[in-house]
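A.B. asks: Can you read through this structure? Questions will come right after.
Every read-out reported here was derived from the displayed coordinates using simple, explicitly stated rules and does not represent laboratory data. Keep in mind it's a predicted model, so treat the numbers as computed, not measured. Don't worry about glycine lacking a Cβ; one is built from the backbone with ideal geometry, like all the others, and counts go over all protein chains shown.
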Amino acid sequence: MVNLFYILFAISFSFKTNFIGDLYLSQIFIVLISIYFFLKNSDHLKLISYEKKILFLIILWFFNQIVSDLVNQISFNNSARGNAKIVITYLSFYSFFKLSKSPNISLIKILLWICIVNLFLMFTAYNYSFMFSWKFGGGVSLSISLIIFFNQYYKNYLTNNYLLILIFGLGILSLLIGTRYVFLFNALFVFYIILFEKFSIKQTIPIVLSSLIFYLFITNVYEMLIVNELLPNTLLEKQISQNSELGVLLGGRGEIYSSYMAIVDAPILGHGSWAENCDYIYAIYDQKILFNPNVKFDLSNCLIKSHSVILGSWVNSGIFGFMFWFYIIIILIKKLIIKVQTNNVSLALLIYLAITLSWDIIFSPYGGTRMVYAPLCIVIILLQNNEKIPHFKI
């Protein structure tokens with residue numbers, strides 16, 4: 001029965017309908033799970049430290065959004081979409097914290113089944129596109145990487161050289177196919193595992209300095225590949241069109257400029273749900289055209305773009321939207337600092353989840369299934385302790 005729950009919940013990430021905006025079946029699942037635990041439990045105020053602070057900050061974020069929408073006179077539909085995003089986030093954290101206390105449910109297995117079902121649906125889908133599914137549609141490449149870590153986690157062994165070679169090779173394959181972020185994720189993972197497990201570097205300052213050196217190294221290697229045209233043509237064209245002062249790895253995030261301007265203009269209240277202002281769109285266009293006069297740009301939509309969970313929350317919701325995600329980043333870092341002190345079998349999985357989460361929070365938009373997936377991964381990291389690894393049965 002429990003496995004049926006895992007499978008159905010995993011499948012729910014792939015189906016959606018239109019209700020004001022996109023409504024995914026996984027979001028409906030979260031609402032139902034929340035109602036179940038709310039009616040079942042009488043200890044609603046007996047929360048652990050992380051749970052209490054996270055849920056409280058989301059409530060502040062929610063009220064900040066309501067006030068911002070009222071002040072900025074946001075339409076009902078846009079306000080409903082913006083506030084629904086925060087409500088689903090709250091219910092997701094609430095549900096996963098409650099599920100983590102259930103003796104029959106494993107959050108790790110929920111994530112594993114999401115990856116398994118994602119791979120199955122991608123490879124059996126009608127009009128299947130390998131190139132598209134490798135990056136989009138849930139990210140087959142990320143699912144494969146995570147399944148490798150699950151295998152290590154459940155077989156209860158520490159990271160070895162073969163796993164590092166496999167993960168790095170998968171990153172190289174992703175780069176050749178045209179998926180840059182998976183190459184970056186996998187390269188960063190290999191780097192940190194070598195740092196923590198092979199060289200036993202676990203102090204904050206050496207880690208930060210080593211990270212900066214690695215970033216400069218990987219950037220120079222990537223630039224060399226571009227100059228010598230060793231990457232696929234589609235990726236070369238995309239990289240050239242995205243060139244900016246942010247460099248080769250972050251050059252595709254020009255929305256940071258418009259986010260910065262919007263935040264400076266309304267740092268406390270924000271601009272409201274799905275806010276529109278063409279001035280910020282023109283600012284991105286003016287910045288990009290300096291580096292590429294032939295850049296193609298859609299100026300028909302004046303939605304303030306951020307392409308960032310944390311910046312988008314600040315732009316739309318105000319200061320408490322930013323504070324919530326900033327707190328999440330801080331507690332993830334603190335949790336990892338504690339975990340790297342022990343060569344625990346869960347370290348590899350947690351590092352990879354932290355890398356992907358950090359990228360999403362800083363450089364990815366917030367919506368769709370990410371409102372459920374991100375809280376799941378965050379709760380897994382926060383609640384993962386040096387406990388006995390459960391035996392896994394499908």
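A.B. asks: Once R0 is set to 25 Å, what does the formula 1/(1 + (r/R0)^6) return for the Cβ-Cβ distance between Ile329 and Thr219, expressed as a FRET efficiency to the nearest 0.05?
C.D. replies: It comes to 0.65.
A.B. asks: Using θ = phi - 60° and the Karplus curve 6.51 cos²θ - 1.76 cosθ + 1.60, what whole-Hz ³J(HN,Hα) does each residue of region 181-194 get, with Gly and Pro shown as x?
C.D. replies: Values, residue by residue: 5, 5, 4, 5, 4, 5, 5, 5, 4, 4, 4, 6, 5, 4 Hz.
A.B. asks: What is the spin-label model distance, in nm, from Lys53 to Phe15 if the labels are put 7 Å beyond Cα along the C-beta direction?
C.D. replies: The answer from the label model is 3.9 nm.
A.B. asks: Can you sort Ser346, Ser210, Ser102, Ser68 so the residue with the fewest Cβ neighbours within 10 Å comes first?
C.D. replies: So the residues, fewest neighbours to most, are Ser102, Ser210, Ser346, Ser68.
A.B. asks: Pull out the extension gain between Leu119 and Leu23, defined as 0.36 nm times the separation in residues minus the alpha carbon to alpha carbon distance; nm, one decimal.
C.D. replies: 32.4 nm
A.B. asks: From the backbone phi of region 266-281, what are the Karplus-calculated ³J(HN,Hα) couplings (6.51 cos²θ - 1.76 cosθ + 1.60, θ = phi - 60°) in whole Hz, Gly and Pro given as x?
C.D. replies: Per residue, the Karplus-derived 3J(HN,Hα) values read 8, x, 9, 8, x, 9, x, 5, 6, 5, 10, 7, 5, 4, 6, 5 Hz.
A.B. asks: Which FRET efficiency value, to the nearest 0.05, is calculated for Ser210 and Tyr162 with the Förster distance at 25 angstrom and r the Cβ-Cβ distance?
C.D. replies: That gives a FRET efficiency of 0.60.
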